[in-house]
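K.L.:
Quick one: the structure is below, questions incoming.
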Amino acid sequence: MFGPATAQVPASTRDDGRDRELLGLIALGERRALEQLYFNYHGRLGQFLSRLTGRRDAIEEAINDTFWIVWQKAAQFRGDSRASTWIMGIAWRCGLKALRRSGPLPPEHGEATIDAASATDTTLASEELREWLDTGLRTLPFEQRVTMEMAYFLGHSCEEIAAIMSCPVNTVKARMFQARIKLRNLLPTLGGTPSGAAKS
Amino acid sequence: MTNLSNSHRRAWEIIPWIVNGSASEEEIRATHEHLRQCTDCREAMAFEQRLHDALSHPQANPGDAAQGWRRLSARLDATPMSGHRSPTAITEPGRVTASGAVRWLAAAAFVEALALGAVVSSSWINKIEREPAGTYRTLSRLDTAARTAPTVRVVFSQDMTLEQLHVLLKTAHLQVVAGPSEAGVWSLAPADNAASMATDTALQELRGSQQVRFAEPISSGAVQR
C-alpha cells in the first residue's frame, strides 16, 4: 500500500472520508495514520509546491513542515471543509515560508518567451506540451499561477481555493480570469485558435 | 442583448469550474445552454479543457516520498509531542469524524492493515511520547514520560463505537497513550487530571463494560510499545 504516491486526481468524496479518518487518528497521536496520509499527499503537494519554488530541498522542507503541522494540529480540524482543503491551506502557508527562505522563484524563472514555431506543431508530445505550458505558467504572476494549479491540477473549487489562500472568492475569480486571458494569448494553439483570439 | 451579454460573462466565469468538476448542476446547465449559441465560449471551453488535461498530469519527478518520510519521522522522534488530544475529546460535535457512525476502532484497524504492507521504515513502532491536548509548554522529558506512563492494557470489542469509547474513558479517567499493537492491544494511562485515581478502580470500570474484552494492569517499569 505504501510507496511513492503520484496522486493525480482531485480528492473525491471517498478520499475525503478516508482523509478524515486518518486525521482523527493523527489527532490521537497515531503515527501510522500520519505516514499513510503523508504518502497519499506527497505527490500532489510536491507538484503544488513546485509552483512556488523550484528548489527541490525547499519543496521537501515545505512538505515536511506541512505534515509536522498536521501532526500537531490535527485535533483542530473541524470538518467544515474537505480534509484536502485544510491540508492544502497548511501547505500553502508552508510554501510561502519556504519561498521566503529559499529565495524568489525557480532558477529557470524569467521572462518566458513562447516559441511560436513549436507551438504550431500539432504533434507535440504531452511532455513537450507540459514543458511548454510550464513556460507559459511562469509568465503569470505568482498568485495567478498558483490559483490555476489549484483549480486544474488539484481540482479545488473556487470557494476552496479562497479558503486555502485566505482571500475572498471574488479574488480567486479575478485571478483565474486574468490567468486564463494571459494563457490564451500566450498559448493560442492549445485552443486551436489564432493568436490574439482571446477576449478580455 | 443584455441577457446574452450577462450569460456570456457568466459562462466565461464558470467554464474553468465546469472543467475541473466543481461547478454545480445549475451552473453546468446554464453554461451549456449558452454554449449552444456562443462560438467564443465553445472555443474557451475547448481551450480550458486542454489546459486542464495538460495540467492534471503530475510532473515526472515528484520527489522521494520514502526519503521525505524518514526525515519527518526522525524529526518526530526527536521532538516531544504537543497538540494531541486524548480520545475523550474525539466525539466533540462537529469534530474530525464525518459522522457519528464513523468508528474509531474500525479506522484504526484499517490503518493497521495498510501498515502491514509497508516497505518503508519501521520507525512507527518506536515509542511515542504523548502530551495531553493543550498549548505549548516546556516540560522535561522525565516529567512527560511519568505523566503518560501506561497503567492498563486493554482490548476493545470490534463493535465499540466512538461514543462508547468516549464515555468509558471518561468514566475510568483514562486516556490512550499507545496502540493498537498487532494483537489489538491498547495502552491506557490516567487522564491528565486523574493521576491519583487507583488503577484498580479504573480496571473495575473497564471490566464492567461489555465493549471491553480484556483489561489488565501494567506493572511499573514494564516496557510498553
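K.L.:
Please list the non-local residues whose amide H lies under 5 Å from the amide H of B:Val152, H modeled 1.01 Å from N, same-chain partners needing a gap of 5 or more.
P.N.:
B:Leu188, B:Ile218
K.L.:
Moving on to the next point. Kirkwood Rh over alpha-carbon pairs of region A:7-109, then Stokes-Einstein at 25 °C and 0.890 mPa s: what D in µm² s⁻¹, rounded to an integer?
P.N.:
Details: Rh = 13.9 Å.
So the translational diffusion coefficient is about 177 µm²/s.
K.L.:
A further question on this structure: Report, as an integer, the average count of C-beta atoms from other chains found within 10 Å of each Cβ along A:43-50.
P.N.:
On the way: counts 5, 2, 4, 8, 7, 0, 2, 5.
Mean number of neighbouring Cβ atoms from other chains: 4.
K.L.:
Highest first, please rank the peptides A:39-49, A:84-94 by the mean number of other Cβ atoms sitting within 10 Å of their residues.
P.N.:
On the way: A:39-49: 24.6, A:84-94: 22.4.
By packing density, highest mean first, the sequence is A:39-49, A:84-94.
K.L.:
Roughly how crowded by other chains is peptide A:66-76, in terms of the mean Cβ count from those chains within 10 Å of each of its Cβ atoms?
P.N.:
Mean inter-chain Cβ contacts per residue within 10 Å come to 4.
K.L.:
So how do A:180-187, A:28-35, B:22-29, B:70-77 stack up, highest first, on mean other-Cβ count within 10 Å? Intermediate values should be presented prior to the final figure.
P.N.:
Details: A:180-187: 20.9, A:28-35: 23.9, B:22-29: 13.2, B:70-77: 16.2.
Descending mean neighbour count gives A:28-35, A:180-187, B:70-77, B:22-29.
K.L.:
Per-residue Cβ counts within 10 Å, from other chains only, averaged over A:52-65: what number is that? Mind showing how you got there, number by number?
P.N.:
Values: counts 0, 0, 0, 0, 3, 1, 0, 3, 7, 2, 0, 7, 7, 2.
Mean inter-chain Cβ contacts per residue within 10 Å come to 2.
Just so you know, all these numbers are worked out from the coordinates, no wet-lab data involved. Treat the numbers as computed from the prediction; the structure is a model and nothing was measured. Cβ coordinates were reconstructed from backbone atoms using ideal geometry, including for glycine residues, and neighbour counts include every protein chain displayed.
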